[in-house]
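Below: the structure, in C-alpha cells.
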Amino acid sequence: MDPILHILTAYLVAAVITAQEDNPTILRLGYLTGSKTPPNKPFYIKPGQSISGALTLAVEQVNNDSEVLPNHRLEMEIAETYGQEEESIRLTVLLLKSNISAYIGPQETCLHEARLAAVFNTPMISYFCTNHELSNKELFPTFARTKPHDSQISKALVSLLQHFEWKKVVFIYNDKQQKLAETIQTVLGYNDIQVTATRSFDGPYFPDTTINQSPFIKMVQDTYQMTRGKLAILMYVMLADYYEFEGLLISLKVRGLMDSGDYIVVGVDPKQYDPSDPAKYIEGIIRKKASLEVSAAFQGFISVVPAAPVYPWFENFTQIVNYYLERPPFYFHNPFNKKGSGVMKNLRPEAAYLYDAVWIYARAADAVIRAGGDPSDGRLIFQHMKGSTYKSAMGYMNHIDENGDSQGNFTLLARKRGEDDQWGLHPVGIFLINQNDTTIPVNLSFLAETINWVGGTQPVDEPPCGFMGERCIPGPQYTSQIVSGTIGGVLIVAIIAGVIAYRNWKYEQELASLLWKIEMKEVTLKMHTSNYCPGIGLARVPGCMRASMMSLSSQVDIDLRQVFTQVGSYKGAIVAVKPVHKKCVDLTREVRKELKMIRDIRHDNLNPFIGASTDPGHIFIITEYCSKGSLLDILANDDYKLDNMFIASMVFDIVRGMIYLHDSEIRCHGRLKASNCVVDSRWVVKITDYGLREFMAGAEDHNVTEFAKYQNLLSTAPELLREEGVAQCGRGTQKGDVYSFAIVLYEIHGRAGPYGDTHLTPKEIIQRVMNKYQEVPYRPKLSALGSVPKFVTDCIKDCWSEDPALRPDFKTVRRRLKNMQKGMKPNIFDNMMAIMEKYANNLEEIVEERTDQLREEKKKTEELLHQMLPCSVAEQLKMGKRVEAEAFDCVTIYFSDICGFTALSFESTPMQVVDLLNDLYTAFDSIIGNYDVYKVETIGDAYMVVSGLPNRNGDQHAGEIASMSLHLLVAIQKFKVRHRPDYLLKLRIGIHSGPCVAGVVGLKMPRYCLFGDTVNTASRMESNGLPLKIHCSLECKTLLEKLGGFQLEDRGLISMKGKGELQTFWVSGEDQKSRMNRLAPPKNQAASSPMHSPIETRKARDKRNHMALHKIASLPLFSSSDTEDSEFTPNGKPMTVAGESKGKHPRIDPTRRSASVKINLSEATVPHAKFSVFSECSNTDTLWETQENDVTDGSPAAQEDSPLLDVAPGSFEPSRPLGKRRLSGETCV
C-alpha cells in the first residue's frame, strides 16, 4: 500500500478518537502568510502556496497527540498578507480580535509585527523572517524563530577558522550582502581573528566572462605583498553566491599562488546546499562541464553552507505537505499533477520551519499549562521555548538559543569526486550544536573522508619561517661574544668586589684615623660656669632668671652670652664644650663607629658635632655654638614676645630635625627636651645632644642634685621611666621622642616649664607619671593653654598618650600641625625677609593706603568733635588756642520737656525708657537739622536748643526757633511710644529771646556753655507752659512780630519764680508765604561773623536761603495735610519730606555740620553732644542741671509737687551740681 495511505489512515483513526473528547479548550493560531497575488505585484512568488500544507499537518499531529496539550485543541486563523508589510501589520492587529493565542509568521516582513506582539504580550514564532535585529530581547521579548538567520553562519565560520588555527584573513564579499558581511566581520573581531584587509565587489559576477573583466585581479594585486616570493596573508574568506567563488580562485591560480598549497579560500554561501547538484560550484551557470583548470583551483577551496535536509525523511515530508496543500482550508491546486502523474511541488525549506514553529509552540504551551500559566502569555511562552532542542522537519536536531533564534545546521564542503566520477563539492564535516553557548558551535566534526589538501598538508595562516624567512635564518656563531661576555662579567664582578673592598678599607682607615678626635690643647675655654640652675624650667628662680637674661643679652663679650653653656674657641671658631663625667673612654670599634656616624650627619635642624676630646680627665664633646642659647633660655626670658610666627617656626624646626633623626642610622634621640634645642643667630632651632650612647655610657655627674636629676627626666616617656637605668643613659625610642616633643610643645605655648605652674617637685611629678595604675595618667594641664588652637592641643594630647602605640610619628605630627605655618615660610629668617620684601615692594602703596586711612580717621574725629562743639570752637581747640568767651546781643533759647514723663518712667523698665528717649531725640534731631539752630544739650526728657549763636543771623533766630517749635509739635502728635503705642506724649515748650554769653569751660571734656539770665527765663517759660503749647516771652514776641507771619495769642500776666509777673504769649502758627519772604536773600546786606569773612558768609547765607526757598513748602508745618506730605518714624529714621527721598533733609545752613555722622553711636545722643547751661543768678562758676517738671499746667503748686524739683517757686536755685547727679542714665559730656 502507498505510504501516504498508511499515514492518512492513522490520522483518520486518531481523528475519530479525538472527536469523542468532550469540549476541548481551543487555542487559535494566527497564520500570517502570503499565498495570493496582490493587484500591484503580478510577479509575486506566493511562498504560502508551497508551504502552507505543513501548518495543517502540524496542527493535526498536535491535536492527535494525547501527550501534548491534552484537553486542548489547536485551530488556525488564516490572514492573507499578499506579501505586503502594511497589510501584514494591519492583520497582526486584527487577529487580536479573534482571540488568538499565538502568531505563526509573519512571512516577508516581521520587524513591526514583532514589536506589536511584544506590546500585546502575544507569542510570535516566525518561520520565514531572518532580520538580525529581532535578536534583541529588550525590544522583542515574545519573538522566536525556527529559520536560522544569516548571521548564524558566521559562528560556523569562526568555528572552522579556530579549528584550523587561522588567525589572519583577507575578507572579500558581494556588496549585495552588506549586512551579513558586517556581521561576519564583527564576529571575527570579537573572537580575535584579525581581518587584515576587506574588499567588496559589485555582484552578481559571472565567471564565464573575460578574465580581464574580473574584479578579483585587482583585489589579489592589492592584498599581495611580495616578500621573497611569499604572500603576506595566506587566508581568504569570501562571502558570495556559489557561482562567484570561481572568479577569486582563478585570479589566484593565474598568479600561481594555488599550486604550492600554502593558500586557501574559505567560501561562505548563505544558500542551502543541494546534494543533488554538487558540481554546480565548479561548472558555474553556463558551462555544462567544469574545466580542468577550474577543478584544480577548487582543490584549495572549502565552503561553509547551510546543511541540506536529511533524506529520505524530507522526501516523505514533502509528499505529505503536497497532499495537505490541496486539502482544506487552502485548496492550492498542483497544475503539474495531472491525471495522478505524481509530480509534486518542490518544497521550500520554510515548510519545515513552519512545521517546527507549530510544534515548538505546542510543547511550550503544554509546559505553561501544566505549570498553571496562560498559553497566550508571550513572555512566559518564550521562557519555555529558549534553550530547547528539537528534531526539525529537515531531519536533523536543532536548538533555540537564549535570543530565541534557531542555531541551524551547517555543513563544510570540499572538492571530491562523486559517484559519477565527476568533481564537485561534497560534505566533509558538520558543526555540532552547542546547547550552552549562544556564540560559537562546540566543534567541527569530520565525516569519514578528510579534506584533500593541495600538497597533502593543511595550510597555515603564516609560513613557518615567517613571511620574510626571518624565523629560518641560521643563527650566527656567538663564540667570541660569549667569551667576551664571560671575561666582561668576571671583570665587572672583580670591579664590584674591589669597590666594596676599597670602601671597607677606606671606612676602616677613617675609623682608625680618629678624624673626630680633638686635643684639649687645641681648645681655648672662654668661661667655665659651675653654678648650674636646675630649676629654671619648673619654677622661676631669680638668680637663674638673671643668668638666663645674661645668656640672651647682646653683649659683645662672649663670656656674657651663655651662662649654662661652656664656651670655647677651636681653630678660631666659637664652639660649645660639654663635659662628660667619665675618667676615661675605651675607644672600641662600636664607639669609633658611633663617633664617625655622628660626625658625618648634617642637617639644618641638627646641631653639628665637631669632635670629642678623650684625654683622661678631660673628656669633652665639642659642638657648634648657637649664640641665642637654648630654647629653655628663650622661653624663660619674658623680654621675648613670641608671636605665632616664631612659635610655628620653632616647632617645625624641631619636627624636621626629629624626622631626619628618626630616618637616619641613629633612629631616636632619647633625651629630647627644651634645653637640648638650641637657637642660632638666624633663629633656627637645632637639636643637640643626640646619639653618642656608647660614648656617654657610664658617665655620672655626682654633683647633680636630686632636684636636677628629676628635673632632667620631666620630658621622658613613662614607659622609659619605669625601666631601670634606661632613661638615665638616654636609650630611648621613637615613640618616647614623640612624648618628649609633646612636653616641649606644651612648654613652648605655656612658657611656664614642662608642667606649668605647679606646686609639685620634679620627683613628685616623675612618681605620678610613672604610676600606671592611675585612672587618668598624670600630664600637664591643657586648660592652661586657653588661647592655643584646638588642633594643637589635640596633637599634644595624642603625642603624650599613655599607650606608645597610639602616639603618632613625626611625619603625622607635621601634617597635623601644618595649619600653624599657613601662609608662612619654613623659618623665621625667611619670614622676616619676605615681610621686608613685601613692604619694600609695596611701600608706596602702603603709605598711600595708610595716609587715606589716616585722613578718614581724622575726618571721623573732626566730625565727632564737631558733634560735641561748634565748628569755630573746635577749630580753635585743635590749634591749641584758648577759646575766649563771646557775648551775643540777642539769641533765642528753646526749652521743652514731656508732661507726665516721671509717671511714664515709673511704669516702664529702664530699657524701655532708654528706647523711648532714643527714639524721641532721634526724631527731634532729624527735625532741627532743617533750621538754623544749635542743639545745646538734653537732660532726661528736657531738650535745649538755641539760635543766633555761635553764628549770628540777625533777628532770624526768633523765627527759626518758633518755626522749629511748631514743627516739633506736629511731630510729637504723631510719635508712637514703642512699648505703649496708644500713649500720646505731651510736649511743653518755652522760648525766650535775650542777650547771652557763650564759652568753653574746663580742660578735660570741655563744654560749650551759655551764661545769662536769658537761659533762666527760657527755662521758666517752659516750666510755666502748658502741654502741646509754645510759651513765648514778650521779648521773643516782639521779634516775631518784626519778622511777621506768626500767629500769636496773648496769655496774660503769669507769675514766675524769681521774675514776678510777666506778660507771655502763645505761638499758634506761621504763614507759609511770610516765611518764604523772610528767608529770601537780602539785596544789600552783608553778613558779619567773627569767624568768617563777609564774602564767605554771604555765599553761605545765599546758598542756605536758596535751598530753603525750594524746600520750605514741603515742611509739615505748612502742608495742606499733615498726613499727606510728611511722615515721622519714631524708631530713629529720618522723616519723609515732600519732594525729597527718605533720608534726605533740606539744610538751611550749608556751613553747619552734617546731622548724620558715620560713627557707631545713636543719632539721638551723638549729633549734638550734651552741653550744660550756666546761670548768672547765683554760683555761676558751678555746673548745674536743668530742672524737670512733671506738671500739666503752669501753676506754682504743680511745680512744688514735682519730685525732681528741689527749689522754691519763683527762683532758679539749683539743687546740686551736675557732676553729683545723673538723670535717666545719661553721662555728662
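The values are calculated or read from the model by the stated rules, or taken from the named source; none is laboratory data. Here the structure is a predicted model, which is why all the values come from computation and not from measurement. Positions of Cβ are generated from backbone atoms using ideal geometry, with glycine treated the same way; all protein chains shown enter the neighbour counts.
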Would a scan of region 619-630 turn up a residue that is under 20 Å from ALA742 (Cα atoms), modelled with pLDDT of 90 or more, in a loop (DSSP other than H, G, I, E, B) and not aromatic (Phe, Trp, Tyr)?
no
Exactly one of GLU462, GLU508, GLU519 is modelled with pLDDT of 70 or more, acidic (Asp, Glu) and surrounded by 13 or more Cβ atoms within 10 Å (Cβ to Cβ), and that one is GLU462
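Do you know which of the residues in region 50-108 that are among the hydrophobic types (A, V, I, L, M, F, W, C) and either touching a Pro at 6+ places or on another chain (Cβ under 8 Å) or not assigned by TED's automatic domain parsing to the domain that holds GLY30 (or both) is nearest to ALA357 (Cα to Cα)? Step through it out loud before you land on a result.
Going residue by residue through region 50-108, those that are among the hydrophobic types (A, V, I, L, M, F, W, C) are 51, 54-55, 57-59, 62, 68-69, 74, 76, 78-79, 89, 91, 93-96, 100, 102, 104.
Filter once more, keeping what is either touching a Pro at 6+ places or on another chain (Cβ under 8 Å) or not assigned by TED's automatic domain parsing to the domain that holds GLY30 (or both): 76, 78, 102.
Details: MET76: 13, ILE78: 15, ALA102: 11 Å.
Of everything passing the filter in region 50-108, ALA102 is nearest to ALA357 (Cα to Cα).
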Here are the criteria: (1) within 21 Å of GLU937 (Cβ to Cβ); (2) part of a strand (DSSP E or B); (3) not charged (D, E, K, R). Tell me which single one MET1021 does not satisfy.
(2)
Which one of these is in contact with a helix residue (DSSP H, G or I) (Cβ under 7 Å, 6 or more places away or on another chain), more than 24 Å from THR56 (Cα to Cα) and part of a loop (DSSP other than H, G, I, E, B): GLY408, GLY373?
GLY373
Just wondering, is there one or more residues in region 329-343 that are within 29 Å of ILE26 (Cα to Cα) and in contact with a strand residue (DSSP E or B) (Cβ under 9 Å, 6 or more places away or on another chain)?
yes
Just to be sure, is ILE765 more than 19 Å from LEU721 (Cα to Cα), in contact with a Pro (Cβ under 9 Å, 6 or more places away or on another chain) and assigned by TED's automatic domain parsing to the domain that holds LEU720?
no
Unique match (being touching a helix residue (DSSP H, G or I) at 6+ places or on another chain (Cβ under 7 Å) and in the same structural domain as LYS673 (by TED's automatic domain parsing)) among GLY786, GLY691:
GLY691
Are any of the residues in region 108-120 part of a strand (DSSP E or B) and in contact with an Asp or Glu (Cβ under 8 Å, 6 or more places away or on another chain)?
no
Among the numbered criteria (1) outside the structural domain of ILE991 (by TED's automatic domain parsing); (2) within 26 Å of GLU960 (Cα to Cα); (3) polar (S, T, N, Q), which one does GLN876 miss?
(2)
What do you reckon, is PHE140 crowded, with 21+ Cβ neighbours inside 10 Å, at pLDDT 90 or above and under 28 Å from VAL460 (Cα atoms)?
no
Is there a residue in region 694-710 that is in contact with an Asp or Glu (Cβ under 7 Å, 6 or more places away or on another chain), assigned by TED's automatic domain parsing to the domain that holds THR565 and closer than 26 Å to LEU587 by Cα?
yes
Report, by residue number, each residue of region 222-231 that is surrounded by fewer than 16 Cβ atoms within 10 Å (Cβ to Cβ) and either of a type in the set (A, V, I, L, M) or at pLDDT below 55 (or both).
MET226, THR227, ARG228, GLY229
Which condition number does TYR710 fail, the rest of (1) among the aromatic types (Phe, Trp, Tyr); (2) under 30 Å from LYS772 (Cα atoms); (3) touching a strand residue (DSSP E or B) at 6+ places or on another chain (Cβ under 8 Å) being met?
(3)
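Yes/no matrix, rows are residues, columns are (1) modelled with pLDDT of 85 or more; (2) of a type outside the set (Ser, Thr, Tyr); (3) surrounded by 14 or more Cβ atoms within 10 Å (Cβ to Cβ); (4) outside the structural domain of ASP420 (by TED's automatic domain parsing):
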site	(1), (2), (3), (4)
ARG199	yes, yes, yes, no
ASP202	yes, yes, no, no
VAL220	no, yes, yes, no
ILE233	no, yes, yes, no
LEU252	yes, yes, yes, no
ILE282	yes, yes, yes, no
Given (1) more than 60 Å from the chain's Cα centre (by Cα); (2) of a type in the set (Gly, Ala, Ser); (3) more than 30 Å from VAL305 (Cβ to Cβ); (4) at pLDDT below 70, number of the condition ALA448 does not satisfy
(3)
Which residue out of ASP757, ASP737, ASP803 is of a type outside the set (Phe, Trp, Tyr), closer than 26 Å to ASP680 by Cβ and over 35 Å from the mean Cα position of the chain (by Cα)?
ASP737
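For (1) charged (D, E, K, R); (2) within 59 Å of the chain's Cα centre (by Cα), each residue gets a yes or a no:
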residue: ILE928; (1), (2): no, yes
residue: TYR943; (1), (2): no, no
residue: GLY954; (1), (2): no, no
residue: HIS967; (1), (2): no, no
residue: ALA971; (1), (2): no, yes
residue: LYS974; (1), (2): yes, yes
Of all residues in region 125-175, count the ones that are part of a strand (DSSP E or B) and in contact with a Cys (Cβ under 7 Å, 6 or more places away or on another chain).
2
Residue list for region 38-74, restricted to those being among the β-branched types (Val, Ile, Thr) and modelled with pLDDT of 90 or more
ILE51, THR56, VAL59, VAL62, VAL68
Can you tell me which residues in region 766-796 are part of a helix (DSSP H, G or I), more than 23 Å from ASP643 (Cβ to Cβ) and touching a residue at least 40 places away in the same chain (Cβ under 8 Å)?
ILE766, VAL769, MET770
At least 1 residues that are in contact with a helix residue (DSSP H, G or I) (Cβ under 7 Å, 6 or more places away or on another chain), modelled with pLDDT of 90 or more and assigned by TED's automatic domain parsing to the domain that holds GLU1041 in each: list the strands (runs of 3 or more DSSP E) lying fully within region 904-1005 that qualify.
942-947, 986-1001
Among (1) part of a helix (DSSP H, G or I); (2) surrounded by 12 or more Cβ atoms within 10 Å (Cβ to Cβ), the one test that ALA840 misses:
(2)
Candidate set from region 328-374 (those that are farther than 29 Å from ASP274 by Cα and among the basic types (Lys, Arg)); member that is surrounded by the fewest Cβ atoms within 10 Å (Cβ to Cβ)
LYS339
Residue within region 803-816 that is of a type in the set (Gly, Ala, Ser) and touching a residue at least 60 places away in the same chain (Cβ under 8 Å) present
yes
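Please verify whether GLU747 is of a type in the set (D, E, K, R) and part of a helix (DSSP H, G or I), treating the condition exactly as stated.
yes
What about THR146, is it of a type in the set (Val, Ile, Thr), within 21 Å of THR183 (Cα to Cα) and buried (at least 23 other Cβ atoms within 10 Å of the Cβ)?
When the stated conditions are applied, THR146 passes them.
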Residues of region 1025-1038 being closer than 16 Å to VAL891 by Cβ and buried (at least 22 other Cβ atoms within 10 Å of the Cβ), in sequence order, are CYS1032, SER1033, CYS1036, LYS1037
